[in-house]
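Colleague: Would you mind keeping the following structure in view while I ask a few things?
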Amino acid sequence: MQISKPIRATRTYTQRLIAGPDAVFPLLCPVREAEWIDGWDPARVVSTSGVAEADCVFTTAAGPLGAVWYITRHERATGFVEMLKITPLVTACRLTIQLRATATGSDAEISYTHTSLGPSGDAFVAAFSEDFYRQFMQDWESRLNHFLAHGTALKVAGDSNPA
């Protein structure tokens, strides 16, 4: 048995969104994200309802073996979502999103915690800087606000969703 101290990075960012939690919450979904993230295409989604829900599982391309996402909490009434993302041999990630109504729409407090699972994960965690995360969150915020305003995905050259 190998026991080691974690190599881990946690980043949090608050997005300012132009619509209330009731409009935003359904879009925090592996199926619905394809509407507002150009190129988003999970390989498989396992869901009773066909969209995000507690115990929904989906897979995406990542690392050497792909990634498995598991929605552990999906609480529409409180605007809270929690997911785990396991990228074998790379990282284990916990993602939380908390929506809060504001006078102009909503705030989305988004936290990612990446824990390394090996040398590739060590490199990923080292590169998961505050600057990288801020840029990633601002891109996500722009895409979501564009969709909320126009009903179409924002087209960006070289689209990808690394986190």
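Colleague: Inspect region 115-130 for any residue being open to solvent by less than 70 Å² (accessible area, probe 1.4 Å), within 21 Å of Phe25 (Cβ to Cβ) and part of a strand (DSSP E or B) and give the result as yes or no.
Modeller: Scanning region 115-130, I find no residue that is open to solvent by less than 70 Å² (accessible area, probe 1.4 Å), within 21 Å of Phe25 (Cβ to Cβ) and part of a strand (DSSP E or B), so the answer is no.
Colleague: So which residues in region 82-114 are under 15 Å from Ala62 (Cα atoms) and touching a Cys at 6+ places or on another chain (Cβ under 9 Å), if there are any at all?
Modeller: The answer is Leu84, Lys85, Ile86, Thr87, His114.
Colleague: Any idea which of (1) acidic (Asp, Glu); (2) open to solvent by less than 30 Å² (accessible area, probe 1.4 Å); (3) at pLDDT below 95 is the one Glu141 doesn't satisfy?
Modeller: It is condition (3) that Glu141 fails.
Colleague: Next up: Which condition breaks for Val90 when tested against (1) over 20 Å from Gly20 (Cβ atoms); (2) surrounded by fewer than 19 Cβ atoms within 10 Å (Cβ to Cβ); (3) not hydroxyl-bearing (Ser, Thr, Tyr)?
Modeller: Every listed condition holds for Val90 apart from (2).
Colleague: Which ones in region 59-100 are over 16 Å from Thr113 (Cα atoms), of a type in the set (Val, Ile, Thr) and within 15 Å of the chain's Cα centre (by Cα)?
Modeller: The answer is Thr59, Thr60.
Colleague: Among what's in region 45-80 and is in contact with a Cys (Cβ under 6 Å, 6 or more places away or on another chain) and part of a loop (DSSP other than H, G, I, E, B), pick the residue that is surrounded by the fewest Cβ atoms within 10 Å (Cβ to Cβ).
Modeller: Val51
Colleague: Would you point out the residue of region 93-112, among those that are in contact with a strand residue (DSSP E or B) (Cβ under 8 Å, 6 or more places away or on another chain) and open to solvent by 30 Å² or more (accessible area, probe 1.4 Å), that is farthest from Ile18 (Cα to Cα)?
Modeller: Of everything passing the filter in region 93-112, Arg94 is farthest from Ile18 (Cα to Cα).
Colleague: Can you name the number of the only condition in (1) out of contact with any Lys or Arg (no Cβ under 8 Å at 6 or more places or on another chain); (2) over 18 Å from Ser4 (Cα atoms) that Phe124 fails?
Modeller: (2)
The values are calculated or read from the model by the stated rules, or taken from the named source; none is laboratory data. Predicted model, so just to flag it, every value in this text is computed and none were measured. Neighbour counts run over all protein chains shown; Cβ positions are idealised from the backbone, glycine included. Quick note on the areas: whole protein, heavy atoms, side chains included, nothing else; ligands and nucleic acids left out. Shrake-Rupley method; radii C 1.70, N 1.55, O 1.52, S 1.80 Å.
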